[in-house]
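Everything on this sheet refers to the single structure shown next.
The values are calculated or read from the model by the stated rules, or taken from the named source; none is laboratory data. Everything numeric in this text was worked out from a predicted model, so none of it was measured. So basically every Cβ, Gly included, is an ideal-geometry build from the backbone, and we count neighbours across all protein chains shown.
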Amino acid sequence: MHAFRPQRGFTLVEILVALVIFAFGLLASVGLLLSSMQATQYSSNSVVASTLAREYGELMQMIPDGVSGTSLATSSSANTLMVDTDGITSGNASACTGAGKNCSATDLLAAARDDWALRVKSTQALPQGRAVVCRDATPRNAAGELEWGGCDEAGDTVLVKMGWLGKKPVGSGSGVDTRWMTSDRPRFAVSVMGNLRDYVTPPAAGATP
């Protein structure tokens, strides 16, 4: 018969070491989860901003050139589609919604423009979202960076500059350049056709449609 041998348990030191190892592993997992959530948020904001920019380009195509032309428009033009959403504080949709409204073409333009601007600024769409729509042949500054304003109002290209507030990456130190994460500059700029000369200028004689 075998002699009885008592079971040997874990010592307090062994338990503490195991807990420390488990805690380090848990912290690493939390950091990875937070980084993944931030990447998902950035991707989601990019999709929303791209969709809004494309939507405004389609709106510009729908507005007849006789109501608001874009090939020569500036931010001070009458009935303009050029807009900085920072300057829009309230919409004009009530002029064109509901029964019995006498909504003119310019009323519809203003209502659609202001509604889009307010959706860009809505916290449910983008955090501190901003958009600038203008004619700009040189959208980047001398350092090669996009910036708000500075539109030269030259050429036929209409740009939609989009920006929003980002978050500092998890675990990044003070040496990380976070200027691009702020809402002080656009994240990207896309060109849109609007109702430019390709839509309103008759084709040259003998040109293929």
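Some observations on this one:
- Residue check, T97 assigned to a helix (DSSP H, G or I), surrounded by fewer than 16 Cβ atoms within 10 Å (Cβ to Cβ) and of a type outside the set (K, R): no
- Taking the criterion of being touching a strand residue (DSSP E or B) at 6+ places or on another chain (Cβ under 9 Å) and either under 20 Å from S71 (Cα atoms) or part of a loop (DSSP other than H, G, I, E, B) (or both), the residues of region 117-132 that qualify are L126, Q128, G129, A131, V132.
- Taking region 98-119 as the range and being touching a helix residue (DSSP H, G or I) at 6+ places or on another chain (Cβ under 7 Å) and more than 21 Å from T51 (Cβ to Cβ) as the test, the residues that pass are K101, C103, D107.
- In the set D84, D65, only one residue is modelled with pLDDT of 75 or more, among the acidic types (D, E) and under 25 Å from R185 (Cβ atoms); that residue is D84.
- Annotation note: Cβ proximity below 6 Å between a residue of region 126-148 that is β-branched (V, I, T) and a residue that is at pLDDT 85 or above and part of a strand (DSSP E or B) (sequence gap 6+ or interchain) occurs for V132/D84; V132/K161; V133/V83; V133/V160.
- With respect to being in contact with a strand residue (DSSP E or B) (Cβ under 6 Å, 6 or more places away or on another chain) and either surrounded by 12 or more Cβ atoms within 10 Å (Cβ to Cβ) or under 19 Å from E55 (Cα atoms) (or both), R135 fits the description.
- The number of residues in region 55-91 being charged (D, E, K, R) and assigned to a loop (DSSP other than H, G, I, E, B) comes to 1.
- Qualifying residue in region 134-144 (condition: in contact with a helix residue (DSSP H, G or I) (Cβ under 7 Å, 6 or more places away or on another chain), of a type outside the set (V, I, T) and either at pLDDT below 85 or within 17 Å of L159 (Cα to Cα) (or both)): no
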